[in-house]
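The values are calculated or read from the model by the stated rules, or taken from the named source; none is laboratory data. Predicted, not measured: the structure shown is a model, and the values here were computed from it. Here the Cβ positions follow ideal geometry from the backbone for every residue, glycine too, while neighbour counts run over all protein chains shown. Surface accessibility is based on the protein's heavy atoms, side chains included, excluding ligands, DNA and RNA. Shrake-Rupley method; radii C 1.70, N 1.55, O 1.52, S 1.80 Å.
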Amino acid sequence: MGNWVENEGLSIFVVLVWLGLNVFLFWWYYLAYDVPPKFFYTRVLLGRALALARAPAACLNFNCMLILLPVCRNLLSFLRGSSACCSTRIRRQLDRNLTFHKMVAWMIALHTAIHTVAHLFNVEWSVQARLEEQGTLAAVLSSLGDEPNESYINFYRGTIGNPVGGLYVAFTYLAGLTGVVITLALILIITSSTKIIRRSYFEVFWYTHHLFVIFFIGLVIHGAGRIVRGQTAESLAEHNPEVCYRNFTRWGRTRSCPIPQFSGNPPMTWKWVVGPMFLYLCERLVRLWRSQQKVVITKVVIHPFKTIELQMMKKGFRMEVGQYIFVKCPAVSRLEWHPFTLTSAPEEDYFSIHVRIVGDWTEGLFNVCGCDKQEFQEAWKLPKIAVDGPFGTASEDVFSYETVMLVGAGIGVTPFASVLKSVWYKYCHDATNLKLKKVGVLSPRAPRAARGQRPPVKTEPPTLLWLQGGVSPGESNTGGSDPALGLYFLQATHFAVHHEEEKDVITGLKQKTFYGRPNWENEFKSIAGQHPGSRIGVFLCGPEALADTLNRQSISNSDADPRGVHFIFNKENF
């Protein structure tokens, strides 16, 4: 758990506080229903299942309050951009919004399971108590409410036994019906959010995730039926259950033990979730407003290996390095929004994204942009595009360090295209105020040759080919001096014979590419030795396995002495 949390960038402190609040709420509400005399008679009917149902319900309210906040992207971007309220450490936590969103979702699933199982026992015992033979306390309690001027404690008023009685409660009572609906919605949301579904069937993930609307509507009205009932305060003043339960056959015949009166608990969930729901509604309204603003595609560039570049313009659009946007193309789908990292620099008069054609939606975008045609595509024939964003990421902090390592696997180098371009623009125009002095770019992910076989005779580096055009002009303007670019790319081992040439044959840069799979421990130790006493930013956009490796190396190669070298690990997460 600890390694996973550190890998995802969430601090142990944040996770422990969140877990601690869950434990506190569970224990507090468990005692609130298991100890007070108000629920004495309710416990007679339901036993410990009453407290075991109500305690996770409180935790559900708490986590459902939190689940929407991490996906309020505009709110998070506002907080992240406000240096007055967000230090670098806090901004790093905001960058892990989706990690926290997933953790809260799993906690909701856990408490839903506990809550559901406990209520299954509650329903069974309520139905059973209603049919119990007279002469027992449970039978007397269940019969309350049958006569005028009596209030009931057993919410089940039927006379049908289990299992039909239980099914009757599940599908005719408001609490039962909404419970079934929101549980099914939650199951569909969680099962369609797995990595396999997200990557292979994104549309399924997208559409089922919007069942959260049904989930929250059902959640808010779930408690309106008030099936959990306790003794009223007025009745407790006249009828002490811890004394009167022994004389239940004489209730109403003595002044000390009148017939107890009961009332249902008022619904509380809306008090927990109304604030986040309002914030999320504002978030969606902002997104809707942004999606109506006109976006013009100024240029479409087809790059090798099924990658296209869209250059766009939008009035009032402002961006920072490493940020991302959500894109919708109504000609492909009227509902789907997909995230893409911005590959242009803030200094440029347009913004751009690079799209690898890997699925139905990207294939549709490829076709509507005319990339499947040989003839030149007129600008007026290009599709309409809606853009939401930009939104902040960890890469925005790249200029807070003097030395950074940018590690991108495959298409994961895209966040750093914007960084590299902006570095050169800043260096060319005002190098004296540029804190960043050295940039190392590593792209280690590539297929290995099988053991005993020679490397491929010819292998192209797909992601760095389009990166070449954006960086090499800047380098040529500065003579290839610092900020130095150390590029590490595995695939092109056959190019090593050209190492003596003036420019690198892969990138076209004067700074040469180093070949082979990086030895991360050696790389970190080498960088640490070259920059003693420095804070070195490590930025990754890549798979979790690589993130785990880099995170461990960042920790193990950082000095315990605050004055020593420290590697600060950051991971793109959107």
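If you go through the stretch 180-210 and keep only what is more than 16 Å from the chain's Cα centre (by Cα), open to solvent by less than 70 Å² (accessible area, probe 1.4 Å) and within 22 Å of residue 59 (Cβ to Cβ), you end up with 180, 181, 182, 183, 185. When residue 99 is tested against (1) in contact (Cβ under 8 Å) with a residue 24 or more places away in the chain; (2) in contact with a Ser or Thr (Cβ under 9 Å, 6 or more places away or on another chain); (3) not small (Gly, Ala, Ser), exactly one condition is not met: (2). Condition check: open to solvent by less than 50 Å² (accessible area, probe 1.4 Å), more than 24 Å from residue 205 (Cα to Cα) and outside any loop (DSSP other than H, G, I, E, B). Does residue 300 satisfy that? Criteria met by residue 300.
Selection of the stretch 527-558 for residues being of a type in the set (Gly, Ala, Ser), surrounded by fewer than 18 Cβ atoms within 10 Å (Cβ to Cβ) and farther than 16 Å from residue 402 by Cα yields 545, 556.
A quick yes/no check of all residues on (1) of a type in the set (A, V, I, L, M); (2) on the phi < 0 side of the Ramachandran plot; (3) at pLDDT below 95:
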residue: 24; (1), (2), (3): no, yes, no
residue: 49; (1), (2), (3): yes, yes, yes
residue: 56; (1), (2), (3): no, yes, no
residue: 69; (1), (2), (3): yes, yes, yes
residue: 91; (1), (2), (3): no, yes, yes
residue: 101; (1), (2), (3): no, yes, yes
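Restricting attention to the stretch 98-150, the residues being open to solvent by 20 Å² or more (accessible area, probe 1.4 Å), outside any helix (DSSP H, G or I) and either among the polar types (S, T, N, Q) or in contact with a Phe, Trp or Tyr (Cβ under 6 Å, 6 or more places away or on another chain) (or both) number 4.
Can you say whether residue 33 is open to solvent by less than 10 Å² (accessible area, probe 1.4 Å) and not assigned by the TED database to the domain that holds residue 554, as far as the supplied structure shows? No, not satisfied.
The C-beta contact set for the stretch 382-393 (first residue without any contact (Cβ under 8 Å) to a residue 12 or more places away in the chain, second residue surrounded by 21 or more Cβ atoms within 10 Å (Cβ to Cβ), distance under 9 angstrom, 6+ apart or interchain) is empty.
Yes/no per residue for (1) of a type in the set (A, V, I, L, M); (2) assigned to a strand (DSSP E or B); (3) out of contact with any strand residue (DSSP E or B) (no Cβ under 6 Å at 6 or more places or on another chain):
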residue: 287; (1), (2), (3): no, no, no
residue: 305; (1), (2), (3): no, no, yes
residue: 313; (1), (2), (3): yes, yes, no
residue: 316; (1), (2), (3): no, no, yes
residue: 322; (1), (2), (3): no, no, yes
residue: 334; (1), (2), (3): no, no, yes
residue: 340; (1), (2), (3): no, yes, no
residue: 352; (1), (2), (3): no, yes, no
residue: 371; (1), (2), (3): no, no, no
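Figure legend. Inter-residue proximity from the stretch 140-156: first residues in contact (Cβ under 8 Å) with a residue 60 or more places away in the chain and farther than 21 Å from residue 224 by Cα, second residues surrounded by fewer than 16 Cβ atoms within 10 Å (Cβ to Cβ) and β-branched (Val, Ile, Thr), beta-carbon distance below 9 Å, spacing 6+ or different chains. Indicated pairs: 140/249. For the stretch 153-172, which residues satisfy the criterion of being of a type in the set (Ser, Thr, Tyr) and either open to solvent by 50 Å² or more (accessible area, probe 1.4 Å) or within 25 Å of the chain's Cα centre (by Cα) (or both)? Answer for the stretch 153-172, where residues must be of a type in the set (Ser, Thr, Tyr) and either open to solvent by 50 Å² or more (accessible area, probe 1.4 Å) or within 25 Å of the chain's Cα centre (by Cα) (or both): 159, 168, 172. Kindly evaluate residue 226 against the criterion of being surrounded by fewer than 20 Cβ atoms within 10 Å (Cβ to Cβ), touching a residue at least 40 places away in the same chain (Cβ under 8 Å) and on the phi > 0 side of the Ramachandran plot. In short, yes.
Here residue 358 passes the criteria (1) more than 23 Å from the chain's Cα centre (by Cα); (2) in a loop (DSSP other than H, G, I, E, B) except the one numbered (1). For the stretch 234-283, the set of residues classified as open to solvent by 30 Å² or more (accessible area, probe 1.4 Å), in a helix (DSSP H, G or I), assigned by the TED database to the domain that holds residue 34 and without any contact (Cβ under 8 Å) to a residue 60 or more places away in the chain consists of 234, 237, 238, 243, 246, 247, 250, listed by residue number.
Need pairs with beta-carbon distance below 7 Å; first residue within 21 Å of residue 232 (Cβ to Cβ) and within the stretch 18-36, second in a helix (DSSP H, G or I); sequence gap 6+ or separate chains. Short answer, once both residue conditions are applied: 29/54; 29/55; 29/58; 33/39; 33/50; 33/51; 33/54; 34/51. Being basic (Lys, Arg) and closer than 22 Å to residue 390 by Cα is a condition met by at least one residue of the stretch 348-362.
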